[in-house]
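Below you'll find the structure, written out as structure tokens, and then a few comments.
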Amino acid sequence: MNLPAHLPLPDGYSMRPWGEHDVEAVAQLDALVFGPDSWSHEIFSYEYQASMDQSPHSFYQVITHYDVVVGFAGLLYGPPFADVTTIGVHPDHTGKKLGAALLVWLMRTADALGAMDILLEVRADNTAAQRLYAHNGFEHIHTRPRYYPGGADAWVMRKRLREAGPSTAAALMDKE
């Protein structure tokens, strides 16, 4: 699968794995970006602990602007799939391709882990995010009715990272 190269960030911005000191800032930014759909501080604390496990399957990055967290993204890998758990950018920092840089990181990380597909949910009324995902090869594959608080639907979107091989059943039949 041909994935886009890492996107350069504007001057003053940098991307790095999150640290424990970032959990509060990410939770506050998530509340600003997603309002009633946001995760609690406790969920982000749990996600941080999961990302620090000895055999992690949870990965997070933050984008900072002069050491202030202005973007974040999370990925959960459960072979053979990777799920985008969250992605957000501070409203004052949109239009700088920070969301695209985070999405490229998510796709490249999922691919490096060996994921077949990368999946995500996006509000059905969030056309800006849908355009970003579609531009990067994601397809709308399902709608989850009333998924978000307040009753908004979610689109499930998928990007294939590699073609599926023969099914387990087919492989077993070949051995008989």
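Here the residues His65, His135, ranked from fewest to most Cβ neighbours within 10 Å of their Cβ, fall in the order His135, His65. Report the paramagnetic label zone for Asp53: residues of the stretch 71-85 whose backbone N is under 13 Å from a point 7 Å from Cα along the Cα-to-Cβ axis. Backbone N within reach: 76-79. Under a model in which nothing but the beta-carbon of Lys, Arg (+1) and Asp, Glu (-1) is charged, the stretch 13-115 shows a dipole of about 440 debye around its Cα centre. Over the stretch 13-115, the ratio between the Cα radius of gyration and 2.2 N^0.38 Å evaluates to 1.01. Placing unit charges on each Cβ (+1 for Lys and Arg, -1 for Asp and Glu) gives the chain a dipole about its Cα centre, and among His65, Trp18, Leu161 the Cα reaching farthest toward its positive end belongs to Leu161.
Ratio of the chain's C-alpha Rg to 2.2 N^0.38 Å, to two decimals? Mind showing how you got there, number by number?
On the way: Rg = 17.0 Å, N = 176, 2.2 N^0.38 = 15.7 Å.
Compared with the compact-globule rule of thumb, the chain sits at 1.09.
Using a Förster distance of 41 Å, how high is the FRET efficiency between His140 and His41, based on the Cβ-Cβ distance and rounded to 0.05?
On the way: r = 32 Å, r/R0 = 0.77.
Computed FRET efficiency for His140 and His41: 0.85.
Taking the Cα centre of each part, how many Å lie between the stretch 1-70 and the stretch 75-100? Centre-to-centre (Cα) distance: 8 Å.
Taking the Cβ of each residue in Trp39, Trp18 as the centre, tally the other Cβ atoms inside 10 Å and list the residues starting with the fewest.
Working: Trp39 17, Trp18 22.
The most exposed by this proxy come first: Trp39, Trp18.
Dividing the mean sequence gap of close Cα pairs (under 8 Å, 6+ apart) by how many residues the chain holds gives a relative contact order of 18 percent.
Shown for Met157, Met52: other C-beta atoms within 10 Å of each C-beta, ranked fewest to most, produce the order Met52, Met157. When the chain is described by a simple charge dipole with +1 on each Lys and Arg Cβ and -1 on each Asp and Glu Cβ, the residue from Pro145, Tyr77, Tyr46 located farthest towards its positive end is Pro145. Sequence-ordered 3J(HN,Hα) estimates for the stretch 63-72 from the Karplus curve with 6.51, -1.76 and 1.60 and θ = phi - 60° stand at 10, 10, 10, 6, 6, 9, 5, 10, x, 7 Hz, glycine and proline given as x.
Rule-based calculations on the coordinates, nothing more; no lab input. Every value quoted in this text rests on a predicted model; they were computed, and no experiment measured them. Cβ sites come from the backbone with ideal geometry, for glycine too, and all protein chains shown count toward neighbours.
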